[in-house]
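This report refers to the structure that appears directly beneath it.
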Amino acid sequence: MLIDVRNVTKAFKDENSGFFSRYQSVLKGVSLSVYAGECLGIVGESGSGKSTLGKIVLGLEAPDSGEVVLGEAIADLPRHQAVSVVFQDYNTSVNPRLSVSDIINEPLITEPLEKTEREARLVQLLEEVGLSADMLERYPHQLSGGQLQRVCIARAVAPNPKFILLDEAVSSLDVSVQVQVLMLLQQLKRDRQMSYLFITHDISVASFMCDRLLFFKDGEVVEQVDEMHRLKAVENTYTRELLEAASYLQIPLETEFEKQ
Ligand SMILES: Nc1ncnc2c1ncn2[C@@H]1O[C@H](COP(=O)(O)OP(=O)(O)OP(=O)(O)O)[C@@H](O)[C@H]1O
Ligand SMILES: [Mg+2]
């Protein structure tokens, strides 16, 4: 086990509740484990609490109750080396005034590297995400969305993390670019022996990318799929609705279900 989420709850104060504070329960006792080498998907509709869970896993938010336990393999590492993150919005997750070179160097600033060593490391990271060395001196506005997200991925892998949280990491990209970036993420996961927690509202992206899926609704796990070939046999109504809405499934799902 790499990451263990144990019975985590979280409520936020309802902004419109006025004098009498009302609380909105966003996570209602979530438990999950991420194992070494796997990509675990969290699929759910907007507002179901996926990003809140992600922030708690990253340590950016504290749970009201429950805990996140890091497994032995990463427990003693500095936080930025144990867990890393790629968000949906590549535009706001980089400082527009920094060059690509400075962006990827961010997590390496504290590492004692010689100038040439550092440059070589940055070039190698850039090449690893499918970009060429001449991009190092460019600025975010000179890159396409796909290129900029690749830069964010290079930054995420720079400290050699064992685990990356990917929160809607391809959702802002065109479909053709999505596939390329997903394939890059798969390649990096294999080469660097990492695990992913892959948050998405898009079931077809999740089924392409993940080894296991947890379906999220209103802050709870409502269904779990441990083997992807069983995806079409899910029983939960909400999960079926998500599946039926997914365009990649060319078959009428109802008949598929009747066969079970
Ligand atoms: N810091 C906060 N303060 C108050 N409410 C919050 C805060 N963060 C999230 N929420 C609320 O918690 C609920 C879940 O939000 P969250 O961002 O986790 O959902 P999500 O599943 O990631 O949605 P999306 O698919 O749109 O990204 C929403 O109703 C949101 O308004
Ligand atoms: Mg979100």
Inset, instruction - For E67, state whether it is within 10 Å of ligand 1 (Cβ to nearest atom), farther than 13 Å from K162 by Cβ and among the charged types (D, E, K, R). - result: no
Inset, instruction - For residues that are under 16 Å from L188 (Cα atoms) and not charged (D, E, K, R), tally how many sit in segment 124-145. - result: 6
Legend entry - Qualifying positions in segment 177-201 - surrounded by fewer than 19 Cβ atoms within 10 Å (Cβ to Cβ), within 25 Å of E241 (Cα to Cα) and without any contact (Cβ under 8 Å) to a residue 60 or more places away in the chain: V179, L182
Legend entry - Meets criteria (free of Cβ contacts under 8 Å to residues at least 60 places away in the same chain and under 25 Å from H229 (Cα atoms)) for V129: no
Legend entry - Pick from segment 71-91, criterion aliphatic (A, V, I, L, M), away from ligand 2 (no atom under 16 Å from the Cβ) and crowded, with 20+ Cβ neighbours inside 10 Å, ranking: nearest to V222 (Cα to Cα): V83
Inset, instruction - Considering each of S48, S21, S17 in turn, give the residue that is modelled with pLDDT under 95, over 30 Å from Y139 (Cβ atoms), of a type in the set (S, T, Y) and touching a Lys or Arg at 6+ places or on another chain (Cβ under 9 Å). - result: S21
Inset, instruction - Please note which strands (runs of 3 or more DSSP E) are completely contained in segment 1-70 and include at least 2 residues that are within 13 Å of ligand 2 (Cβ to nearest atom). - result: 23-34, 39-44
Inset, instruction - Confirm whether A73 is of a type in the set (A, V, I, L, M, F, W, C), out of contact with any helix residue (DSSP H, G or I) (no Cβ under 7 Å at 6 or more places or on another chain) and modelled with pLDDT of 95 or more. - result: no
Inset, instruction - Pick out the one residue from S21, S33, S25 that is more than 11 Å from ligand 1 (Cβ to nearest atom), more than 24 Å from F163 (Cβ to Cβ) and of a type in the set (S, T, N, Q). - result: S21
Legend entry - Candidates L53, L113, L136, L131 - the one that is in contact with a strand residue (DSSP E or B) (Cβ under 9 Å, 6 or more places away or on another chain) and of a type outside the set (V, I, T): L53
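The values are calculated or read from the model by the stated rules, or taken from the named source; none is laboratory data. All figures in this text were calculated on a predicted structure; none of them were measured in a lab. Quick reminder, even Gly has a Cβ in these numbers, built from the backbone with ideal geometry, and neighbours come from all protein chains shown.
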